[in-house]
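Engineer: The structure under discussion is supplied below as structure tokens; questions concerning it will follow.
The values are calculated or read from the model by the stated rules, or taken from the named source; none is laboratory data. The shown structure was predicted, so the numbers you read here are calculated from the model rather than taken from an experiment. Cβ coordinates were reconstructed from backbone atoms using ideal geometry, including for glycine residues, and neighbour counts include every protein chain displayed.
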Amino acid sequence: MPGERAVAAARAALGVRFRLHGRSIEGLAEGLDCIGLAALALRAEGFEGTVPSGYALRSGDAGRVGAAIEALGLVPAAEPRPGDLLLFKAGPGQLHFAIQAEAGVIHADAMLRRVVERPGLPWPVIGRWRLARGD
């Protein structure tokens, strides 16, 4: 089923420490941030694009972020599905990515300092995307 590999990859990272600009996809030893976790999950689904780096922790331009996601080949999704990439408004000027799970989200939590799974949608969803592949 589409999205299963993304959720499985994100779950395999549960407990990995949070690190801003964390991209240690192969070993996970150095840690992940929300974009690193998103890249890990999307690569499990076949994504081959390059993820951004060098961004600020607070960069609240959701339109610019959405355009960048779509430029990578992801398409907006109306109906929720496990494996979707979610963009949240986590606070003033703060955007945050997570992977949709069956009953919640998997994300790199800066406050808890690790990748966690939590029930429900913890913040307002301002975007939802998935890989374009006709399913």
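Engineer: Identify all residues within region 77-94 that are more than 16 Å from A10 (Cα to Cα) and more than 11 Å from the chain's Cα centre (by Cα); write none if there are none.
Structural biologist: Matches in region 77-94: A77, A78, E79, P80, K89, A90, G91, P92, G93, Q94.
Engineer: Oh, and also: Looking at (1) over 22 Å from L20 (Cα atoms); (2) under 14 Å from the mean Cα position of the chain (by Cα); (3) at pLDDT below 90, which is the one condition that is false for L74?
Structural biologist: Every condition holds for L74 apart from (3).
Engineer: Residue by residue through region 93-135, note down the ones that are closer than 17 Å to A78 by Cα, part of a strand (DSSP E or B) and small (G, A, S).
Structural biologist: A98, G104, G127, listed by residue number.
Engineer: Which condition number in (1) in contact with a Lys or Arg (Cβ under 9 Å, 6 or more places away or on another chain); (2) surrounded by 20 or more Cβ atoms within 10 Å (Cβ to Cβ); (3) at pLDDT 95 or above is the one that V125 fails?
Structural biologist: V125 satisfies every listed condition except (2).
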